[in-house]
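Remarks on the structure that follows.
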Amino acid sequence: MAINSFMKSLFWAAAAALMAGGAALAQPEVSTVTVNVGTVVRPFDDRLAGINVATWDNAPLLDSASLAVALATDVRLMRFPGGSTADTYHWATNSSDPTPNYHGVSFDQFETVLAASNHIQSIITTNYGSGTAQEAGAWVADALAKGYNVKYWEIGNECYGGWENDTHTLPHDPLTYALQAIQYISAMKQADPTARVGVVLALGEDNYANYPSEAVKNPVTGAYHSGWDAVVLSTLAQNQVTPDFVIYHSYPENTGQESDTGLMQAGSQWLTAAATLQSELNDYLGAAAASVEMLNTENNSVSSNPGKQSTSLVDGLYMADSFGYICQSRFDAWVWWALYNSQDTVFNNSPSLYGWREYGDYGIVEVTGAEPNGLFYFPTYYVAKILSHFARAGDAVVAAQSSLSSLLDVFAARRTDGSLSLLVVNKSIPTAGNPSGVSVTANFALSGFTPAANAAEYQYGVPQDSRAETDTNGSVDPISDPLADVQVGTVGIGGASFSLTFPAASVTLLSLPPAQGASANSRLVNISSNGYVEGTTHLLDAGFIIAGSGSEQVLVRGVGPALAGYGVSSPVSNVQLQIFDAGGNVLYANNGWSGGTATNTSALQAAFSSTGAFPLPVGSLDSALLVSLPPGSYTAEVSGMNGAAGTGLAEVYEVSTSGTRLHNISCRGYVDNAGHALTDGFYISASGPEQEQVLIRGVGPTLANFGLTSFAADPTLKLIPAGTTNVISADDDWSDSTASGLSSAFALTGAFALPPLSRDAAVEIVLPGGGYTAQVTGTNGPAGDALVEIYEVPQG
């Protein structure tokens, strides 16, 4: 039962008396923390910055204060229309079963709020419980017709559970669900071929065996299982249907059984959950499993009936730790439950749980109507603000390890601006026996990164949470009461090895800028584009801009037959190379690079050697040109001579300069989602700690604005250092990252604008000297041409 303020005071007074009686204060612990910035765990996905909203949010979801909350925490994904509500919800009438229950927020109102943010996308849960595939298909068609930024659609909520509305003849039946899911997928894809549709899983082949007689055989292990996941995946595979993603919800605690210490060890379960789901997908779907994403669309501490733990600092610590671990996992989305919910005063408010709020609430804010902006802010709100500084699309999660992870967890990300983010969670909870908790001194050792002398620090912990309890107006509004907001400051670093102490029960984000930023001495020196060539139908175009004054000597090559010597199985057998100026005029052309004079062949071979280009066999039907060009825009076009088809390579190398430099390089080629990718290599010349800030784009749909009728509808861009398979930055839809300043980078470099909701891809990143590969593939929808661009970003 709940304890009142008087009893709570006695509790802590007794604790203080115990300490005064001779009990020793807990000594600070020490952890060794290693961070390897060169080891990329995964690219950060903006869908890992998600939150649930619902139809019952009413007016707050529609007002400026609500949008301000979302923007303050930099949310990038919102889920609607709610959890179990989804399985009763009919979108066209904005009402729920069984009797018409009309809601305060409609689908159109929800999408209008998101559109105002300019970078929040949505994931929609369709009604499986009392809906139909036709209703879901109509919903998708409506969203597409109205231009809403909806790409992800779930089929039902937790359909395996008896708490979920299910009007089918066999409720909560995995076989019925799977057969219905096939119809849903068909109807929704017919309405929008680019829609991504996912199915609900429960984690485990034997969990939720609601109909034991429906046992299916695992094709790999040979064992029979009748659990939800096994039956659903087996049925889909038998019908040759592969979902775009699978859905998993996680609430590690059950009501009445909450444990603060237990919750503090629950974050790492994401690694186990990801491995379990991947194993199930591999066993039942075989090779098709590689294309299936894993999305978490609900996460919080307790599964139902939240008590005081859900509004305490402990839940904020869990939020940060859960986020850190899921960022290291195979999951592609993390959606916290929820933005708003409701206050519950009758559930677990045990004095054994830390915290001064004697009620529960799943929301990160509470609608009160009395406080400034009508909102009351919980610790999870402030932690969400801190997490927004960790990473966003285009950044890379890198390897970090704490020797005392049971007490102190550390997570790291390399940002596109060249900085390093360190998320530190001290999971020591104050108790009656130790009211101060345990602080931890972390001895950091960074490799592959040299920080500047000072780092920005964002922190939320006991002092900030305690101020909220004694706030005279009862509000923790970040504007009217800044003392209760996230503590922001600066800490000294002093090198790649440093020590900092983190107080008990705290979440800290350190933003470490690099010791030296982009240098005017670093430069782009070459590009190579690998892609599919077929006669004059599918061309490979390498564009480049020479900036400055004077002239630039460049080596331009179109390689086909020589690729056979480097393991390419189907190179184009005969290559035609042409260089065009900005007006489309052919300046130079070649077919058969060594077919000219011996002097020209010797000069080309010398250029191959000086630039590091691999040699071409004399007499081959590869092409090469060594030319001097004034400042301007140029295109090197590679085609298949006499209709030849296969893999081709276009290359542009800087040979010698006279007051000029390569400022922008780009390549255009054919991509699809069936193996044809556009792979562009480029090299940055730099010495020591010099770095180059670059803008990299993978453009597809916007090419329609330039007269192209065949273009990749939804390209995905990945950046990989040469000689590795580590993806250090990635992007699918650039507009999900507009808040990171990409639009400004477009203007600075002179790149053409991309529409706010286009499905083109872009990243801005600071890179040290070396070779890199920018790879563009077709994610969804029609195949066609894509454009890869690499720009030097001017430094002011």
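The values are calculated or read from the model by the stated rules, or taken from the named source; none is laboratory data. Predicted, not measured: the structure shown is a model, and the values here were computed from it. Neighbour counts run over all protein chains shown; Cβ positions are idealised from the backbone, glycine included. Please note that ligands, DNA and RNA were not included when accessible areas were found on the heavy atoms of the full protein model with its side chains. Shrake-Rupley method; radii C 1.70, N 1.55, O 1.52, S 1.80 Å.
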Seminar exercise, completed: Rg/Rh of region 95-203 (Cα atoms, Kirkwood Rh), to two decimals, equals 0.97
Exercise. Once both axes come from the Cα atoms, what is the angle between helix 133-145 and the longest principal axis of the chain, in degrees from 0 to 90, rounded to 10?
Worked result: 60 degrees
Seminar exercise, completed: Mean projected area (nm²) from the convex hull of Cα positions in region 241-320 is 6.0 nm²
Exercise. Got a sec to turn the phi values of region 437-450 into Karplus ³J(HN,Hα) couplings, 6.51 cos²θ - 1.76 cosθ + 1.60 with θ = phi - 60°, whole Hz, x for Gly and Pro?
Worked result: x, 10, 7, 10, 8, 9, 9, 8, 10, 9, 10, x, 7, 10
Seminar exercise, completed: Answer in debye to the nearest 20: the dipole magnitude of region 334-415 about its Cα centre, from +1 Lys/Arg and -1 Asp/Glu charges placed on Cβ, is 440 debye
Exercise. Given VAL793, PRO701, GLY595, which one lies farthest toward the positive end of the charge dipole of the chain, if we put +1 on the Cβ of every Lys and Arg and -1 on the Cβ of every Asp and Glu?
Worked result: GLY595
Exercise. Quick one: what does P(r) look like for region 185-224 with 10 Å bins over all Cα pairs, in whole %?
Worked result: 23, 32, 26, 19
Exercise. Hey, how much of the P(r) for region 336-440 falls beyond 22 Å, as a percent of Cα pairs?
Worked result: 52 percent
Problem set entry | 23 Å tail of the calculated P(r), region 66-155, as % of Cα pairs | 21 percent
For this session: Grab every C-alpha pair in the chain, bin the distances at 20 angstrom width from 0 up to the longest one, and report whole percents.
Result: 15, 44, 32, 9, 1
Problem set entry | Surface share of carbon and sulfur [accessible, 1.4 angstrom probe, percent] for the chain | 54 percent
For this session: Mind checking the full-extension length gain between THR132 and ALA432? Use 0.36 nm per residue of separation minus the Cα-Cα distance, one decimal, nm.
Result: 102.6 nm
For this session: Per residue of region 103-117, in order, report the coupling 6.51 cos²θ - 1.76 cosθ + 1.60 (Karplus, θ = phi - 60°) as ³J(HN,Hα) in whole Hz, putting x for Gly and Pro.
Result: 9, x, 10, 8, 4, 5, 5, 4, 5, 5, 4, 5, 4, 5, 7
Exercise. Which is farthest toward the positive dipole end of the chain among TRP334, GLY495, LEU233, measuring Cα position about the Cα centre, with Cβ charges +1 (Lys, Arg) and -1 (Asp, Glu)?
Worked result: GLY495
Exercise. Can you list the equivalent-ellipsoid semi-axes of region 209-352, largest first and in whole Å, using the square root of 5 times each Cα gyration tensor eigenvalue?
Worked result: 33, 17, 13
For this session: Tell me the Kirkwood hydrodynamic radius of region 121-166 in angstroms, computed as one over the mean inverse distance between distinct C-alpha pairs.
Result: 11.3 Å
Exercise. When the Karplus curve 6.51 cos²θ - 1.76 cosθ + 1.60 is applied with θ = phi - 60°, which whole-Hz ³J(HN,Hα) does each residue of region 88-93 get, with x for Gly and Pro?
Worked result: 10, 9, 10, 5, 5, 9
Exercise. Looking at VAL292, SER402, THR345, which one has the Cα that reaches farthest to the positive end of the dipole of region 268-409 (charges on Cβ: Lys, Arg +1; Asp, Glu -1)?
Worked result: SER402
For this session: Would you kindly state how much longer the chain becomes between ALA92 and GLN27 on full extension, computed as 0.36 nm times their sequence separation minus their alpha carbon distance, in nm to one decimal?
Result: 17.3 nm
Problem set entry | Value at 222 nm in deg cm²/dmol, rounded to 500, when DSSP H runs of n ≥ 4 in the chain each add -39,500 (n - 2.57) | -6000 deg cm²/dmol
For this session: With all distinct Cα pairs included, what does the Kirkwood hydrodynamic radius of region 221-279 come out to in Å, to one decimal, could you say?
Result: 14.2 Å
Problem set entry | Whole-percent pair-distance distribution, where bins are 5 Å wide, for the alpha carbons of region 159-276 | 2, 10, 17, 20, 19, 14, 10, 6, 2, 0
Problem set entry | Lysine pairs meeting the criterion (Cα under 21 Å, 8 or more apart or interchain), as found in the chain | 6
Exercise. Relative contact order (percent) for region 170-291, with alpha-carbon contacts under 8 angstrom and 6 or more residues of separation?
Worked result: 28 percent
Exercise. Could you give the dipole magnitude of the chain about its Cα centre, charging the beta-carbon of Lys and Arg +1 and that of Asp and Glu -1, in debye to the nearest 20?
Worked result: 1580 debye
